[in-house]
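Take a look at the structure below.
Each reported figure results from applying straightforward, stated rules to the coordinates on display, with no laboratory input. Because the structure is a prediction, the values reported are computed rather than measured. Positions of Cβ are generated from backbone atoms using ideal geometry, with glycine treated the same way; all protein chains shown enter the neighbour counts.
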Amino acid sequence: MSVTAYPTTPPILEPAADGSETQLLEISMGPQHPSTHGVFRMNVVLDGERVVKLKPVFGYLHRNHEKIAENETYLGSMPYTDRLDYICSITNNWAYALAVEKLAGIQVPERAEYLRVITGELTRLQNHASLIGFLLQDMGSSGTPLMYAFRERENILDLFEALTGSRMMCNYMRFGGCRVDTPAGWLEQAQKVVTEFPRFLDEYENLLVGNEILMERTQGIGVLSPELAIDSAISGPMARASGVNYDIRKVDNYSIYSRFSFRVPLGSHGDVYDRYMIRFLEMRESVKILNEAMRDIPAGPIVDPKMRIRGFRPKPGEAYGRIESPKGELGFYLISDGSTNPYRYRVRPPSLINLTVLEDLCLGVNVADVVAILGSIDIVLGEVDR
Amino acid sequence: MDLETIKSTLEANVPDCRLEVIVNPSPSGQHSLLVDAEHAFAVASFLRSSAGFNYCSNVTGIDWPAKELSEKVKVKKIVDGVETEIDEVSKTMIPGCLEVVYHLFSMSEKIGPLPLRMRTQDRAEGVHLPSLTPVWRSAELQEREVFDLFGVVFDGHPDLRRLLMWDEFEDHPMRRDYVNPDDYEYEPTAHDDVLQRANQHRSTVGER
Amino acid sequence: MDEKLKAELSKQGIFTTSLQELYNWGRKSSIWPLNFGLACCAIEMIATTMARYDLARFGAEVFRPSPRQADLMIVAGTVTKKMAPQVVRLYNQMPEPKYVISMGACAISGGPFKQGYNVLKGIDRFIPVDVYIPGCPPRPEALIDAFLMLQKKIDEQQLTGKDRPRHLTAGEASEFIVPLFGAHDLEPTQNPAVWRPPLVQISKAGTDGSGND
């Protein structure tokens, strides 16, 4: 059997500017690499340990979400949104439901809004917890931090499973509400998990936040200026770590976020350390929101009774709906031509757009820091490539 | 700031630009601004620098294939010496185009989205549009994606390569007339159209 | 050795074994998987190795980042056409004996994304698969079940005779065709030496002959 020859890339040989003999080395990090969070690839050119050029290569997980959704009914795309950012399926559902509700002018009952906020903020907790675990794992603290993070994540996944029937692919939102109401005792269980969550945060901060190696590896690395962040439409915790005060929960006041008292943590340096710390602070704010939401949740219907699931045809038109997902601004742009399928279905992926500045952050750092910078951006390849 | 104000401000500041407000009939009420390709760059620069739209969130393409629009028109005709009204079907061809939409927000004013649209001349040769990446850096990867999946060529883009598909790929899969490659060897499904493709595959490739 | 005698001896406290049993016992108890995740299923794969499910109980927690050190490839997630050549290349780089678990609906058949233009309809079109686990994504328990099945398979492998596994036969392929990127699709779209379309009558799919669909 003939085997295709492996393509080889010759190293680039160029004299350095000062005339000394150096050899630039071109390496391909990924698509199989333990710290690229999936199948992401970077073509890195190195001068010694220093990065002089970095070109990301996308598309290794391009599974044609948008094309498939154009051949599906509106509701038929809901399970596909779970698989976009597969760590936070519920916020994906929410963004899509919000866009369709804007498109068709659907109202959401009170209890459903509360359920959305509760599940959405739980999603934020488990996303940020796993992110800091992965980031520390990438930086060489192998084992313990990720184990601790996944221990907490499992508690939240248990709640999701009890509520929706699935650990990861929750498929929980419907247009005009939520799919199922809470089973008996669920809210009490959730309250218990939320009450115990700050203990995990304290434990984690004691474990590593003041750690000297961690600070050495992260402070001053991958600095993103607020001007560049705005210009590149960087959103979510990454923008806020650079001091850009833009949280869509506050700006758009979608759903019922105006009822909760929470603050938007901001960073001042925009380096990896700020991006790491901002997740801790956001988790503490999410815990506040969760406590208030679970105290105030009213009884009532969980879906708009006028909403018909079968034969749902929004009138022709278009809508762009967005939410503050754990990764950033997750938007859905829908065009309806009056039929049962969307004419155009577009996902605005925060993970992809936050990668616009990857090369800017990585130029001049050591190759080992590329891993830390990429980890601090928080990408999920299902959303980057869709 | 409503759309009409923005439009008149733009017309006053960017000479000769042709703007059109596209009314969106859906309850979302997000009306958009269609701008001609020649003045798009100047309009975008003005929106960014003077109107405060500093946050270009979303860039995407839309494919509008040519379609035939048939309308029933009442025509007065003289039949057998008597003037009567007759329904006649008038057919008009709407030429196809590719459209690119930019969703703009203002971070300081907290307003948006303002969808800014551009259209190509056709879907074959005249697919060139000015790149707005020099105005908003966030368009860099997204314009590459539109180039990859729709085939819109952005003039002035710093690094216009395919984003998601491999470089040797020739098609533009998000276009409406794209046909999936024929890998329908085994389809254990009862979906009619998939089944049809599978049978078609068998008749062309044959049983092996 | 006679199985009855062996059982009888073990009752008397005498443990007998054969080289094959020892060899397979050693291999099945230390499967080192490749640290390689593709999509959603990879997160469940990570969860399987974490404290609650603790894959280490089965001797398989040592995830190796290099294919040269790995025995098992868990194809965890959607294999796109752009990724398929790299998956085959990684498999080729793994030393024999090597095994493949096809985790989740996507790796088996393309799953929910089957009709996508860039989605490979199952990794078994290019490399041989030992264990398939369905689910979208499969729960960690399902992955552990797949491990146990694989351990059983390794335990039963004969080292001699005509039933011996592929890698013990000289001249059998251990490297497989790496597809190339074509203008419209991968070239080739499948490896006929590994995969043949299953013989089902597609025109009758959806009917069981009872007249009801």
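Over chain B, DSSP H runs of length four or greater, each weighted -39,500 (n - 2.57), average out per residue to a 222 nm ellipticity of -7000 deg cm²/dmol. Taking Lys and Arg as +1 and Asp and Glu as -1, the other residues whose beta-carbon sits under 13 Å from that of C:Thr169 total 0.
By how many nm would the segment from C:Lys6 to C:Gln20 grow when fully extended, if each residue of separation counts as 0.36 nm and the alpha-carbon distance is taken off? Please list the in-between numbers first.
Values: separation 14, 0.36 × 14 = 5.04 nm, distance 1.50 nm.
Length gained between C:Lys6 and C:Gln20: 3.5 nm.
Placing one identical point scatterer on every Cα of the protein assembly as shown and ignoring solvent, what is log10 I(q)/I(0) from the Debye formula at q = 0.05, 0.10, 0.11 Å⁻¹? Log10 I(q)/I(0), no solvent term: -0.29, -1.14, -1.38. By other beta-carbon atoms within 10 Å, ranking A:Val117, B:Val21, A:Val57 with the fewest at the front produces B:Val21, A:Val57, A:Val117.
Ordering B:Ile94, C:Ile46 from the fewest to the most neighbouring beta carbons within 10 Å gives B:Ile94, C:Ile46.
Annotation for segment B:117-150 versus segment B:1-45: alpha-carbon center distance of 18 Å.
Determine the sum of side-chain charges near C:Trp25: Lys and Arg each +1, Asp and Glu each -1, restricted to other residues whose C-beta is under 15 angstrom from that of C:Trp25. With Lys, Arg at +1 and Asp, Glu at -1, the neighbours total +1. Give me log10 I(q)/I(0) at q = 0.19, 0.21, 0.34, 0.35 Å⁻¹ for segment C:1-42, Debye formula, one equal scatterer per alpha-carbon, no solvent. With no solvent term, the Cα-only Debye profile gives -0.69, -0.77, -1.05, -1.07.
Computed over chain A, the percent of Cα pairs more than 38 Å apart is 22. Evaluated at q = 0.11, 0.19, 0.23 Å⁻¹, the base-10 log of the normalised Debye intensity for segment B:3-121, with identical point scatterers placed on the Cα atoms, takes the values -0.51, -1.04, -1.35.
Among the trypsin sites (Lys or Arg not before Pro) in segment C:78-138, none is located in a DSSP loop while being surrounded by at most 15 other Cβ atoms within 10 Å of its own Cβ. For segment C:87-163 versus segment C:1-62, the inter-centroid distance based on Cα atoms is 17 Å. For segment A:80-97 versus segment A:251-265, the spacing of their alpha-carbon centroids is 20 Å. Distance between the 7 Å Cα→Cβ label points at A:Asn341 and A:Ile256: 3.7 nm. Normalised by the number of residues in chain A, the mean separation of alpha-carbon contacts (under 8 Å, six or more apart) gives a relative contact order of 25 percent. With K and R counted +1 and D and E -1, the other residues having a Cβ less than 13 Å from that of C:Ala183 yield a net charge of -4. Angle, helix C:40-49 long axis vs. longest principal axis of chain C, Cα atoms, 0 to 90°, nearest 10? The two axes meet at around 20 degrees. Across chain B, counting alpha-carbon atoms alone, Rg and Dmax equal 22.9, 71 Å. Taking a quarter of the surface of the Cα convex hull of segment A:295-386 gives a mean projected area of 9.8 nm².
If you plug the beta carbon distance of B:Ala66 and A:Leu363 into 1/(1 + (r/R0)^6) with R0 = 41 Å, you get a FRET efficiency near 0.35.
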